[in-house]
Amino acid sequence: MQIDSALRRRLIEEMAATVEAHCQELTELDQAIGDGDHGTGMKRGFDAVLAHADKLADQPLPAALRGIGQTLVMSMGGASGPLYGTFFLELGKALDENPDRAAFAAGFARAMAAVAARGKSEPGQKTLLDVLAPVSAALAENETPAGIARVAAEAAEATVPMQALRGRAAFLGARSVGHMDPGARSASLIIGAVCAVLEGTSG
Amino acid sequence: MNVGIVIVSHSPKVAEGAADMVRQMVGDSVPLAYTGGDEAGGLGTSVARILDAINAAWSEAGVAVLVDLGGAETNSEMAIEMLPPERRERAVICNAPIVEGAVIAAAEASGGSSLAKVQAVADELSSQ
């Protein structure tokens, strides 16, 4: 599908609006099992992306994605800045200007692998990888945007009974069980925002 | 020129306090920089600030970075990858407790040891 400048701008705006709307929720999830900075960190990052929306959206898709990643890395702080930054940077490196579905699925998988390497983590450890992995599989199976959003939301819910093995929550051991992982939740929100925009287009 | 030391904590106070202890130990014989706190001044770490600290403590012999919790390490790795290529290979993260690691790495560096030796001495703290 063609992701033109106007669509790139809508995607940026929708991601930023979603983070804004859920900032408090992410903070509360992170206060339960982390250091409580995830909501403000995400908001700081996506506010910075939104502030550069014109410049970012005017660039071809790969450069726009790398620009988003760079902006997140430099503005978010916390442990999630490098993880989200790495995801967008690698996705930008993996895609060409008009990726088809198969190319996008392959690029997503590569970006997910880079996040796993950056966090020295893997799925099953109560992190955002527990959302990225099933979404990557759904992309490869040609799932619709609405279906992918559903997969992401369910995957975030599925982190509730998990015990954290990476990140600050790992210090809590068994006490991390019973809380949704904030990174998994934010990943499902971002993916949901992107899918909501794409569902409304021809793609 | 001696190896430089960079201290990266989530807390500005921890970073400053650890740096004070290093200074007391080695004076000005080792390039030293520290950073703590995120972009907004809260607890956390910032890639941009870590980059500034690495460049401030830069030595041709390299710099050893001491970190506290996970995000400090991840952000420091990111900062090192963003250094110019000729500097990237000469910045390493030590696997050591931040305060003890900074003091012992600085003491080793003040004797003119190589970056590899400074890193090895700090890393030994974690294997004891």
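The values are calculated or read from the model by the stated rules, or taken from the named source; none is laboratory data. Keep in mind it's a predicted model, so treat the numbers as computed, not measured. Neighbour counts are summed over all protein chains in view; Cβ atoms, including those assigned to glycine, are modelled from backbone coordinates with ideal geometry.
A few notes on this one:
- Check on B:SER76, of a type in the set (Ser, Thr, Tyr) and closer than 21 Å to A:LEU89 by Cβ: yes
- Some residue of region A:96-111 being within 14 Å of chain B (Cβ to nearest Cβ) and closer than 29 Å to B:VAL8 by Cα: no
- Of all the criteria given as (1) assigned to a helix (DSSP H, G or I); (2) crowded, with 19+ Cβ neighbours inside 10 Å; (3) modelled with pLDDT of 95 or more; (4) within 14 Å of chain B (Cβ to nearest Cβ), the one not satisfied by A:GLN125 is (1).
- Region A:46-59, subset in a helix (DSSP H, G or I) and without any contact (Cβ under 8 Å) to a residue 40 or more places away in the chain, residue nearest to the other protein chains (Cβ to nearest Cβ): A:ALA48
- Region B:59-110: number of residues that are within 14 Å of another protein chain (Cβ to nearest Cβ) and either surrounded by fewer than 19 Cβ atoms within 10 Å (Cβ to Cβ) or over 11 Å from the mean Cα position of the chain (by Cα) (or both): 13
- Yes/no for A:ALA94 being more than 18 Å from A:ALA193 (Cβ to Cβ), of a type outside the set (D, E, K, R) and either touching a strand residue (DSSP E or B) at 6+ places or on another chain (Cβ under 8 Å) or without any contact (Cβ under 8 Å) to a residue 60 or more places away in the chain (or both): yes
- Within region A:60-95, considering residues that are part of a helix (DSSP H, G or I) and within 10 Å of A:ARG8 (Cβ to Cβ), the one farthest from the other protein chains (Cβ to nearest Cβ): A:LEU61
- The combined condition, being away from chain A (no Cβ under 14 Å), of a type in the set (Ser, Thr, Tyr), out of contact with any helix residue (DSSP H, G or I) (no Cβ under 6 Å at 6 or more places or on another chain) and not in a loop (DSSP other than H, G, I, E, B), is not fulfilled by B:SER113.
- Count of residues meeting criterion [more than 7 Å from chain A (Cβ to nearest Cβ), more than 20 Å from A:GLN31 (Cβ to Cβ) and surrounded by fewer than 24 Cβ atoms within 10 Å (Cβ to Cβ)] in region B:33-48: 1
- Flag for B:GLY17 being farther than 21 Å from B:GLU124 by Cβ and either at pLDDT below 95 or touching a His at 6+ places or on another chain (Cβ under 6 Å) (or both): no
- Filtering region B:59-70 to residues that are more than 24 Å from A:GLN31 (Cβ to Cβ) and either modelled with pLDDT under 95 or not charged (D, E, K, R) (or both) leaves B:SER59, B:ALA61, B:GLY62, B:VAL63, B:ALA64, B:VAL65, B:LEU66.
- All told, B:ALA56 falls short of being modelled with pLDDT of 95 or more, surrounded by 18 or more Cβ atoms within 10 Å (Cβ to Cβ) and of a type in the set (A, V, I, L, M, F, W, C).
- Hey, A:ALA140 farther than 28 Å from A:GLY178 by Cα, away from chain B (no Cβ under 14 Å) and in contact (Cβ under 8 Å) with a residue 12 or more places away in the chain or not: yes
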